[in-house]
Amino acid sequence: MDSLAEPRWPPGLAVMKTIDDLLRCGICFEYFNIAMIIPQCSHNYCSLCIRKFLSYKTQCPTCCVTVTEPDLKNNRILDELESSVAVCFRVTTQISCFFLFKESCCQSIYSCSLQTVFKAGEQVNG
């Protein structure tokens, strides 16, 4: 997913901010790029981030439990969730633009048009 430093969720979807935070790596603070879980403590990090960290210290960056690289497991569900939230963010942003401004206000950022936004709204409503 594209890096979104601080996505602005519409007020009605403020709960998405919490989900957004949960889908970020505790080391680089970007969205997970191949999420890896430490089975001993259930903390998750980007694959590259945690592997680099473990080359210096063999412990979880959050809770300090002992961990080695072979212990790491891919957390595919987080990868899928991250992709789904990315789509949700784009669609809600486009719909918000349409209803607030009645024009393609975010075209330069999201390459959307009124027709795209209208079709997205129809899919959501129908």
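The values are calculated or read from the model by the stated rules, or taken from the named source; none is laboratory data. Just so we're clear, the structure is a prediction, and the values are computed from it rather than from any experiment. Backbone-built Cβ (ideal geometry, glycine too); neighbour counts: all protein chains shown.
Take the residues of region 10-32 that are assigned to a loop (DSSP other than H, G, I, E, B) and surrounded by 17 or more Cβ atoms within 10 Å (Cβ to Cβ): which is modelled with the lowest pLDDT? Ranking the candidates gives LEU23 first.
Could you tell me how many of the residues in region 72-87 are in a helix (DSSP H, G or I) and either surrounded by 16 or more Cβ atoms within 10 Å (Cβ to Cβ) or in contact with a His (Cβ under 9 Å, 6 or more places away or on another chain) (or both)?
Of region 72-87, the ones in a helix (DSSP H, G or I) are 76-87.
Remaining after also requiring either surrounded by 16 or more Cβ atoms within 10 Å (Cβ to Cβ) or in contact with a His (Cβ under 9 Å, 6 or more places away or on another chain) (or both): 78-79, 81-82, 85-86.
Selection size over region 72-87: 6.
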